[in-house]
Amino acid sequence: MPKLKKKKVDDCPDTLKPYRFHGVDVNWDEKNCTTECPFCGADKFVIKVETGQARCFVCNVSETGRGLNKSSFLRKMHERYVALNANHGSGEFYENLAQDRGVTVDTLRDAGIMWTGRDWAVPAYNGDGKMTQLYRYIKVEKKRVCLPTPTCGAGMFGRDQFDPKSKHQVIIVEGVWDMLSLRETIRRHNQKFQVVGIPGVNVFNNYWLKMFGGKDVILMFDNDSPKEHADGRKTDKGGVVGLRYVGSKLKQSVSPPKSIKFLDWGGTGLGYSGDFKDGADVRDVLTGSVTI
Amino acid sequence: MPSIGSKGKTKKRSSKKVAQAPPQSTGDDLRRFQWLLDQLSPLPDEMSSDCNLGNQDKTQECDDYEGMIRQWKSCMRWRDEMEQVLLVMLAVIISTEQKGDQLFLMLLANAGSGKTRFCDALLTSQHCHALEHLTGFHSGWKGDDGEDYSLIARVDRKTMITPEGDVLISSPSFAQVMSQQRRIFDGKSGASYKNQKEDKNYEGLRTPWIIAGTHTLMDSDQSRLGDRFLKIHMSSPGLDEKRMIQERVAVSAFESVMEVSNAQDKELNEGKMAKAYQMTGGFVNFLRDNSQTRIRALMSINVEEVQELCVQYGEFAADFRARPNLDENKESNDTKEEPNRLTSQFLRLMICCAAVRGEDTISDFVHNTVRKVVIDTSKGRTFEMATEIFRAGELSMRQLYVVINLPEARIRKFIRFLIAIDVVRKVDVKMRTNRGTSRKRASVYRLTTRVKKLMRMVLNEAPGKRAH
């Protein structure tokens, strides 16, 4: 048995980072990392350092019958979390999160948000609706953030329930919580809209553009006031930057949307207003945190 | 970072606060949602002009067909045939998203004829995709984001253009590419990989394809495999015309060499040519945005007449696109395709050509253009033989050996093939000898009545008179 060199965490190869991010213990030599399988527990889970492909020689967990890559690993991990939370498991945690985020437990479960035992796994999808990213909603220095699995790219929230053939208007919001809050309201009151969430205002994959061709699109981003500099200059940030970035991408695409509207906070035409708190978002409006 | 635990079980952690039910809906959220909708405004242009997707727009707005042609005339030695070629290429583009059989086009012309210029002009539009050095339409590769990197996913709803088709046919994967395109023509495509559980299948594809090249492209005989391509030839100009073109090219070259090239983008320094490119790209954008309106303007045409004409065109091209299997060991031999696909393509082409020109009837120019495509699509040895027989009225085997530039054995094989597909019939005629006494029998070959009628209609010529 070759002796494994224990390297510093900082030197972790990119190919192993997705596994490490989801709790797999990664100690590696030049070629392989052999560790405990996160699915069956056997010490026969081998990850090739060069390619990032993984295989368990005991349970042979796989989508294709030939091991896992980072995308299929995420999907299998999510399946495992779904199984662990089946039959309304982890109910207490769901109720706390639902209370905190202003949505119902059913909404969280329906969106595939799963308790992992230490934090929350939030799935995100590529332009074709396939899960290719699994965020972890964790506490980082007194606040909770959604961290992406490294090297797996950006994913869109809610794409799994998006119907490309539907003629309903499409609302694009920022983040998973705004998306869930809006989706819950829309479904509760049978409104004819679809909603998806992008992971950040500066993140919009070109492959997502085809989803919106010929549709009426609404951009509902946060009310972010510009940053004021000492010399009096103002720099747009947050939601306004997102409007420019996403709006221009949509308009310039080969199949542009039929129309693009935006949430004009306060009717100023600027995309933000001082009448509302800085950083106010769609969820704040729907839950009543912002007075309208 | 702690591991998940043995055998994949999660470790239970106790929650710090008592769970409370989320707020019940009181209808207030609907009111708030409505408030959000009331705050909506159209996104202004100044808010959506920052980002560059990477494809800089090289087009200029243009919705006038005649204006675009005038611009081309101002920078090239123009012939009517060139307008026909450009018209057909634009017709392929406007047909992209219309239902029905797609239009695949091969543009054949000698080197230096201007075909690459047309292709490059069309490629200034984002609705066209340059297809060069192609290895295949499918890829099993998955990127970091799990997206489908197959070419076929990227070119859907665009017109593929290959400016140098000769490079394509010399590629080792040419046969594979052509077999894939036959299925893509039907709007479907699929791939199975031995290292993937799921097959990739695409449906509803709209990917018309224009390949430009020299006549070497005709050497790739696809007739037996179901050729999907219509063809149009750009013939070489006459000698005087050639001299005038060369003089014009020389003037242009002199002007160009006097200026420094813009190395950032390989652009032409001749302003008129650049403008012609931009206007063509802009006109392509206009056609794609208004295809429905332009095509529907032709709803009042005499449909039966056009349909009857295209049925005959389809039959004509099916007859002459057929080729015998020259390998005698092969089982498949004397067959020809059914004319249905060709009929559909010719009718589509006719309508789309008229739509490009903004007409509400089928003009003579469009009729002549489509007739040219029919003839060019049919060109080849089969057509050459039949045309010689048509013009002569009848020909004996000896006469065929003289007029057709092929070995005798090949000519005999072609004639047998033409008889088998009911294009030619063998007739024994009685001949008087010079002395006028005894009679001698000879075999001659004539076109069948059906084909003669078709040729008269398509070639617009009267058949030759028989010697007997």
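Every read-out reported here was derived from the displayed coordinates using simple, explicitly stated rules and does not represent laboratory data. Small disclaimer: the values here were computed from a predicted structure and weren't measured. Positions of Cβ are generated from backbone atoms using ideal geometry, with glycine treated the same way; all protein chains shown enter the neighbour counts.
What percentage of all Cα-Cα pairs in segment A:132-206 are separated by more than 14 Å? Walk me through the numbers before you get to the answer.
Values: 1800 of 2775 pairs.
Taking all Cα-Cα pairs of segment A:132-206, the fraction more than 14 Å apart is 65 percent.
To one decimal place, what orientation-averaged projected area in nm² is obtained for the convex hull of the Cα set of segment B:287-414?
Numbers: hull surface 40.6 nm².
Average projection, Cα convex hull of segment B:287-414: 10.2 nm².
For segment B:283-294, in order, what is each residue's ³J(HN,Hα) by Karplus, 6.51 cos²θ - 1.76 cosθ + 1.60 with θ = phi - 60°, in whole Hz (x at glycine and Pro)?
5, 4, 4, 5, 4, 5, 6, 10, 4, 4, 4, 5
Fewest Cβ neighbours within 10 Å first, please rank A:73, B:365 accordingly. Mind dumping the intermediate values first?
On the way: A:73 27, B:365 16.
By the 10 Å Cβ count, ascending: B:365, A:73.
Please tell me which of these pairs span more than 21 angstrom C-alpha to C-alpha: A:17/A:70; A:44/A:76; A:210/B:231; A:70/A:130; A:31/A:70? Intermediate results must be reported in sequence, preceding the final value.
On the way: A:17/A:70 9 Å; A:44/A:76 17 Å; A:210/B:231 32 Å; A:70/A:130 13 Å; A:31/A:70 17 Å.
Those over the limit are A:210/B:231.
Give the Cα extents of segment A:180-264 along the principal axes, in whole Å, largest first.
Per principal axis, max minus min of the Cα coordinates gives 48, 33, 20 Å.
Taking other Cβ within 10 Å of each residue's Cβ, how do B:45, B:166 sort, fewest first?
Final ranking by Cβ density, sparse to dense: B:45, B:166.
Tell me the angle of helix A:239-252 to the major Cα principal axis of chain A, expressed in degrees between 0 and 90 and rounded to the nearest ten.
With both axes taken from Cα atoms, the answer is about 90 degrees.
Arrange the peptides A:86-96, A:151-161, B:275-285, A:110-120 so that the one whose residues have, on average, the most other Cβ atoms within 10 Å appears first. Can you show the working numbers first?
On the way: A:86-96: 15.2, A:151-161: 21.9, B:275-285: 23.5, A:110-120: 19.9.
Highest to lowest by the protection proxy: B:275-285, A:151-161, A:110-120, A:86-96.
Against the longest principal axis of chain A, how steep is helix A:70-84, in degrees 0 to 90 to the nearest 10, with axes from Cα atoms?
The angle comes out at about 90 degrees.
Mind listing which trypsin sites (Lys or Arg not before Pro) in segment B:304-409 are in a DSSP loop and have 11 or fewer other Cβ atoms within 10 Å?
Details: sites: B:321, B:330, B:336, B:341, B:348, B:357, B:371, B:372, B:379, B:381, B:391, B:398; in loops: B:330, B:336, B:357, B:379.
Those that pass, being in a loop and sparsely packed, are B:330.
If we count other beta carbons within 10 Å of each Cβ, what is the order of A:258, B:452, fewest first? Display every interim value, and only then the final one.
Working: A:258 12, B:452 17.
Ascending number of Cβ neighbours within 10 Å: A:258, B:452.
Need the C-alpha centroid separation for segment A:229-292 versus segment B:340-356, integer Å.
Segment A:229-292 and segment B:340-356 have Cα centres spaced 48 Å from each other.
Taking Rh as the Kirkwood radius computed over C-alpha pairs, what is the Stokes-Einstein D of segment A:24-165 at 25 °C in a medium of viscosity 0.890 mPa s, expressed in µm² per second?
Details: Rh = 16.4 Å.
The calculation lands on 150 µm²/s.
How many partner chain Cβ atoms sit within 10 Å of a residue's Cβ in peptide B:361-374, on average, as a whole number?
Numbers: counts 0, 0, 0, 0, 0, 0, 0, 0, 0, 0, 0, 0, 0, 0.
Averaged over the peptide's residues, the number is 0.
Applying a 10 Å radius around every beta-carbon, put B:91-103, A:39-51 in order of their mean neighbour count, most first.
Details: B:91-103: 21.1, A:39-51: 17.0.
Most protected by this proxy first, the peptides run B:91-103, A:39-51.
Can you give me the Rg/Rh ratio for chain A, using Cα atoms for both radii and the Kirkwood formula for Rh? Don't jump to the answer; show the numbers that get you there.
Working: Rg = 21.1 Å, Rh = 20.9 Å.
We get a ratio of 1.01 for chain A.
Distance between Cα centroids, segment B:365-394 to segment A:85-117: provide it in whole Å.
Here the answer is 73 Å between Cα centres.
Cβ neighbours within 10 Å, averaged per peptide: list B:383-389, A:173-179, B:406-412 in order, most packed at the top.
Values: B:383-389: 21.6, A:173-179: 24.0, B:406-412: 12.9.
Descending packing order for the listed peptides: A:173-179, B:383-389, B:406-412.
Within a 10 angstrom radius of each residue's Cβ in A:78-85, how many Cβ atoms of other chains show up on average? Whole number is fine. Let's see the in-between values first.
Numbers: counts 0, 0, 3, 1, 0, 1, 3, 1.
Other-chain Cβ atoms within 10 Å of each residue's Cβ, averaged: 1.
On the principal axes of its Cα set, how long, how wide and how thick is segment A:84-124? Give whole Å, largest value first.
Sorted from largest, the Cα extents of segment A:84-124 read 24, 23, 19 Å.
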